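S.K.: Quick one: structure below, then a few questions.
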Amino acid sequence: MRLGHSALTLALVVATSLSLGGSATAGETAGEGRIIALDYTEDPKLLVGLDPATGTVTDTRALPPRAGSGSLSPDGSQLTYIRLRDECIPQPEGCNYGRDLWIADADGGNARVLVPGTTETPDEAIWAPDGKHVLFRTERLEWIAPDGTGREVLDTTGGHDASFSPDGKSLAYMRTTCWNDGDYKDCGRDPYVMHLASRTVRALTTDHRGGESTPADWSADSRRIVYSTGYGLRSVDVTTGDSLSLRLPVYAFTPVFSPDGSRIAFAGLDDATYTKKVYVTDATPGAAVSVLNDRLMHLRDWLPE
């Protein structure tokens, strides 16, 4: 789980729940809090809250213009986001725009650049659970205090798609490994976990190499992560390494655990129709998969009430 309780304030859009091998009903998910997501169907993009029972969009907050992603601080007082610069850098294939990491008050006021994009462009800005650091990726994983001090490199190996454990003690992220397979070079991704106090890093899986370039999510007790393997999800115990794999009828990304760990919501791509929707399923093999919302969203967290 990557976001704290965030104060999204403007209520609006109603989305219709559809079904795929099952249907999400109020009885199945009543009282299970709120899913936080980035809605990519609007411009500017929206940070939204979803009702996990009905798929209804309950809260919306528009990100600043040209923002590619964003998240609220755990106390809801500040907003960080990656913003494309206005100037075009001409390239043979068209324009290239640099990116900066910005921070602002939650209402968008007092906006300023926290990390300027130079030769290494920042991306993937997320808040630590205690609100004392913002994690971002350049060619490395780094973090910085929200006042602009204490910038520090955490990992130099090209780690990406990171997420903090809810207790703030660990960081999960993906690493890409390449190897020779006969005459071909192949690459794959595995999840790694860093203990932040000691900076020790260990691989959760090294035999799988099937992870996708999309963030993992932590269970509320900080004991498990779930990550995408393409047409499936894999849940791993971070202490024992025990894992559970779920096969899915759609390509999955940005999975998030329900607060009690019994369900998983995820964004999915249906190859047959080439549509992207939000789905939900029980965290057990063979469970039915239901469409929760039919808009293109990247999920960020599933918060309790």
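The values are calculated or read from the model by the stated rules, or taken from the named source; none is laboratory data. These numbers come from a predicted model, not from an experiment. Don't worry about glycine lacking a Cβ; one is built from the backbone with ideal geometry, like all the others, and counts go over all protein chains shown. Note: areas computed on protein heavy atoms with side chains; ligands, DNA, RNA excluded. Shrake-Rupley method; radii C 1.70, N 1.55, O 1.52, S 1.80 Å.
S.K.: For segment 108-171, what is the accessible area per residue in Å² when the probe is 1.4 Å?
M.R.: On the way: 2710 Å² over 64 residues.
Heavy-atom accessible area per residue stands at 42 Å².
S.K.: Normalised by the empirical 2.2 N^0.38 Å for globular proteins, what value does the Cα Rg of segment 53-95 take?
M.R.: 1.71
S.K.: Can you give me the solvent accessible area of Asp147 with a 1.4 Å probe, rounded to the nearest 10 Å²?
M.R.: 110
S.K.: Give the relative contact order (percent, whole number) for the chain; include only Cα pairs under 8 Å separated by 6+ residues.
M.R.: On the way: 851 pairs, mean separation 54.2, N = 305.
For the chain, the relative contact order is 18 percent.
S.K.: Quick check: net charge around Gly241, other residues with Cβ under 14 Å of its Cβ, Lys/Arg +1 and Asp/Glu -1?
M.R.: Working: positive: Arg202, Arg223, Arg224, Arg234; negative: Asp190, Asp207, Asp237, Asp242.
Here the charged neighbours net out to 0.
S.K.: Here's another thing I want to ask about it. Excluding same-chain residues fewer than 8 positions from Lys277, which lysines have a Cα within less than 20 Å of its Cα?
M.R.: Cα-Cα hits under 20 Å: Lys45.
S.K.: Next question. How do 251-262, 280-291 rank on mean C-beta neighbours within 10 Å, highest first? Intermediate results must be reported in sequence, preceding the final value.
M.R.: Working: 251-262: 20.9, 280-291: 18.3.
In descending order of packing, they fall as 251-262, 280-291.
S.K.: On to the next question. Stick to the Cα atoms of segment 172-305, pair each with every other, and give me the Kirkwood hydrodynamic radius in Å at one decimal.
M.R.: Answer for segment 172-305: a Kirkwood hydrodynamic radius of 15.5 Å.
S.K.: Packing-wise, with mean Cβ within 10 Å as the measure, how do 198-204, 64-70, 98-104 rank, highest first? Walk me through the numbers on the way to the answer.
M.R.: Working: 198-204: 12.6, 64-70: 17.6, 98-104: 19.4.
Result, highest mean Cβ count within 10 Å first: 98-104, 64-70, 198-204.
S.K.: Can you give the Kirkwood hydrodynamic radius for segment 84-236, in Å, rounded to one decimal and based on Cα pairs? It would help to have the intermediate numbers written out before the result.
M.R.: Working: mean 1/r = 0.0585 Å⁻¹.
For segment 84-236, inverting the mean 1/r across all distinct Cα pairs yields 17.1 Å.
S.K.: When the Cα centres of segment 165-193 and segment 217-247 are compared, how far apart do they sit, in Å?
M.R.: Cα centroid to Cα centroid, the span is 14 Å.
S.K.: Can you list the lysines whose alpha carbon is less than 19 Å from that of Lys132, not counting same-chain residues fewer than 8 positions off?
M.R.: Once the sequence-local lysines are set aside, what remains near Lys132 is Lys169.
S.K.: Probe of 1.4 angstrom, ligands and nucleic acids ignored: what's the accessible area per residue over segment 196-239, in square angstrom?
M.R.: I get 41 Å² per residue for this part.
S.K.: Considering only protein heavy atoms and a 1.4 Å probe, what is the carbon-and-sulfur percentage of the accessible area of the chain?
M.R.: Reported share for carbon and sulfur atoms: 49 percent.
S.K.: Now a separate question. What number results when the radius of gyration of the chain, computed over Cα atoms, is divided by 2.2 N^0.38 Å? Show your work: numbers first, answer last.
M.R.: Working: Rg = 18.8 Å, N = 305, 2.2 N^0.38 = 19.3 Å.
With N residues counted in the chain, Rg over 2.2 N^0.38 Å equals 0.97.
S.K.: Give me, ordered by chain and number, the residues 5 or more places off Leu303 or on other chains with an amide H under 5 Å from its own placed amide H.
M.R.: Here Arg34, Ile35, Ile36 satisfy the definition.
S.K.: Now, a different point. Suppose accessible area is computed on protein heavy atoms with a 1.4 Å probe; arrange Tyr274, Tyr173 from highest to lowest. Each step should come with its number before you reach the end.
M.R.: Values: Tyr274 165, Tyr173 0 Å².
In descending accessible area the options line up as Tyr274, Tyr173.
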